Amino acid sequence: MSTKHVGKQSVSLPNPPSIAAGACIVGKKEGEGPLRDSFDYISEDSYFGEKTWEKAESTMQKMAFQKALEKANLPQTVVEFIFAGDLLNQCIGSAFGMRDMGIPFFGLYGACSTMAESLALAALMIDGGFADCTAAVTSSHYCTAERQFRTPLEYGGQRTPTAQWTATAAGALILTSDGPGPYVKHITCGQIVDQGIKDANNMGAAMAPAAYSTLSAHFNDLALKPSDYDLIVTGDLGAVGSSILLDFFKNDGIDLAPYYNDCGLMIYAREEQDVHAGASGCGCSASVLAGHLLNGMRAGRWKKLLFAATGALLSTVSTQQGESIPCICCAVSLSTTK
């Protein structure tokens, strides 16, 4: 009988895993943004020394995972399971990045929600008593995503005002059964939400209803309110989606704004870097969480944080067939106290 399920969509972790370390690897554009000091490595080369952008993304994942292990002061052999994902077909960024690790591997696809999904599953594995050390790894690359989901860079297509810029970034977290935290306390698994939006260049509007659905479920299931958190972060709704999300809660009589931010608005300086509506790509929220947010919790800036990553579950085939965009959001609550 389930003793950890709370409400309709949430679970409570009575043995909350500790995030032993996080690491983030980013590209040049991300390193020019306001969070530059929180990244472990900034590459001036979008190829990361490889011959293709896809290989570059795999290299980013590998670098992030190995750097996280180094920061945790743990050998690779203690990691019992890796949960990893990216935006590419068949998750080749993760599969090729992790193929030489010799560690049991779960490949995941949650689009831009993948960091929260991988973190949730890595935490559940430890809380359930199936492992003492797991890893969550996620990446995206501007050039690989543009080639797969939109048009090759050589095409030179114009971007709409609602378009978001896929971050070239990777983040990795090492979780352990014991440690000083921050700890994973609760997880709310989202339901697929599709409001009929078909514009693949307006991800924020498509994903905002999923974020609203999951956050509302989280608050209702756990009898919480926004003010119970020091910070509630989505990733990545950008300017358009964040505004819609705030309006949804305002219609419920809830002012989310004092406690809210979005990774897609944090990683770039929008006025200076010309990224239109902000950032997207699962590497965006992964790198912001593994760097800026984790550092802030360890420094005492935030004691309780809710990380809610959102993903658009479309493909080039579904878009070309005129399908609308189903979306998902997974929320993970973190606390500095066990």
Being out of contact with any helix residue (DSSP H, G or I) (no Cβ under 8 Å at 6 or more places or on another chain), in contact (Cβ under 8 Å) with a residue 24 or more places away in the chain and more than 15 Å from S140 (Cβ to Cβ) narrows L74, L35 down to just L74
Contact list, first residue from the stretch 299-320 and over 17 Å from M115 (Cα atoms), second anywhere and among the small types (G, A, S) and part of a helix (DSSP H, G or I), beta-carbon distance below 6 Å, six or more apart or interchain, is W302/G296
Take the residues in the stretch 276-327 that are in a strand (DSSP E or B) and in contact with a Phe, Trp or Tyr (Cβ under 8 Å, 6 or more places away or on another chain), then tell me which one is nearest to Q90 (Cα to Cα).
S280
Residue count, the stretch 179-196, condition outside any loop (DSSP other than H, G, I, E, B) and either of a type in the set (D, E) or touching a Lys or Arg at 6+ places or on another chain (Cβ under 8 Å) (or both), comes to 1
L88 vs. criteria over 30 Å from G179 (Cα atoms) and of a type in the set (A, V, I, L, M):
yes
Out of the residues in the stretch 235-264 meeting the condition of being surrounded by 24 or more Cβ atoms within 10 Å (Cβ to Cβ) and part of a helix (DSSP H, G or I), tell me which one is farthest from the chain's Cα centre (by Cα).
L245
I need a count of the residues in the stretch 38-64 that are touching a residue at least 40 places away in the same chain (Cβ under 8 Å), of a type in the set (D, E, K, R) and over 28 Å from M125 (Cα atoms).
2
Can you tell me which residue in the stretch 107-165 is farthest from the chain's Cα centre (by Cα), limited to those that are modelled with pLDDT of 90 or more and among the polar types (S, T, N, Q)?
T134
Of the residues that sit in the stretch 1-11 and are part of a strand (DSSP E or B) and in contact (Cβ under 8 Å) with a residue 24 or more places away in the chain, which one is surrounded by the fewest Cβ atoms within 10 Å (Cβ to Cβ)?
V6
For the stretch 291-338, what are the residues that are in contact with a strand residue (DSSP E or B) (Cβ under 8 Å, 6 or more places away or on another chain) and β-branched (V, I, T)?
T310, I325, I328, V332, T336, T337
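The values are calculated or read from the model by the stated rules, or taken from the named source; none is laboratory data. Just so it is clear, the structure is predicted and the values come from calculations on it, not from any experiment. Because the Cβ atoms are built from the backbone with ideal geometry, glycine has one as well, and the counts that use them run over all protein chains shown.
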